[in-house]
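K.L.:
Attaching a single structure in structure tokens format; questions to follow.
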Amino acid sequence: MELDYYDKLLLGITGSFLVGIVVGVATAVPLHVAMVAGAIGAAPFVYAAMFQHPPLPESHPAVKASALAWHVVAVLAVGAAAL
């Protein structure tokens with residue numbers, strides 16, 4: 001079975017988060033910091049899925065809404081980790 005482009009992106013996102021969790025658990029790096037680093041590592045995969053090769057036409061309002069929502073969540077996560 002061959003993986004689709006979007007399957008590979010999902011694996012990249014998941015892998016980034018898992019690496020962050022493993023680093024947080026296995027090292028002296030605080031777990032919340034490692035998870036934020038994993039989220040930052042996942043950002044290029046999310047960008048590729050949403051903007052470079054979106055599954056919907058770029059003019060579709062759902063693409064813009066999901067991009068806005070993701071950025072809001074990312075900024076809130078970074079802000080919460082900084083506290």
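K.L.:
Tell me the angle of helix 61-82 to the major Cα principal axis of the chain, expressed in degrees between 0 and 90 and rounded to the nearest ten.
P.N.:
Between the helix axis and the principal axis of the chain, the angle is about 10 degrees.
K.L.:
By count of other Cβ within 10 Å, fewest leading, how are Val72, Val36 ordered? Could the numbers behind the result be given before it?
P.N.:
Values: Val72 10, Val36 19.
Neighbour counts put them in this order, fewest first: Val72, Val36.
K.L.:
So what is the relative contact order of the chain, in percent, for Cα pairs below 8 Å that sit 6 or more residues apart? Walk me through the intermediate numbers first.
P.N.:
Working: 61 pairs, mean separation 21.3, N = 83.
With pairs under 8 Å counted, the relative contact order is 26 percent.
K.L.:
What are the extents of the Cα atoms of the chain along their three principal axes, in Å, largest first?
P.N.:
Between the extreme Cα coordinates on each principal axis of the chain lie 44, 36, 12 Å.
K.L.:
Follow-up question, since we're still on this one. So what are the ³J(HN,Hα) numbers for the stretch 9-17, from phi and the Karplus equation (6.51, -1.76, 1.60; θ = phi - 60°), rounded to whole Hz, Gly and Pro as x?
P.N.:
Running phi through 6.51 cos²θ - 1.76 cosθ + 1.60 with θ = phi - 60° gives 5, 4, 5, x, 5, 4, x, 4, 5 Hz.
Read-outs throughout are calculated quantities, based only on the coordinates presented, and are distinct from any laboratory measurement. Bear in mind that the values here come from a model prediction, so they are computed numbers and not experimental data. Every residue, glycine as well, gets a Cβ built from its backbone with ideal geometry; the counts of neighbours run over all protein chains shown.
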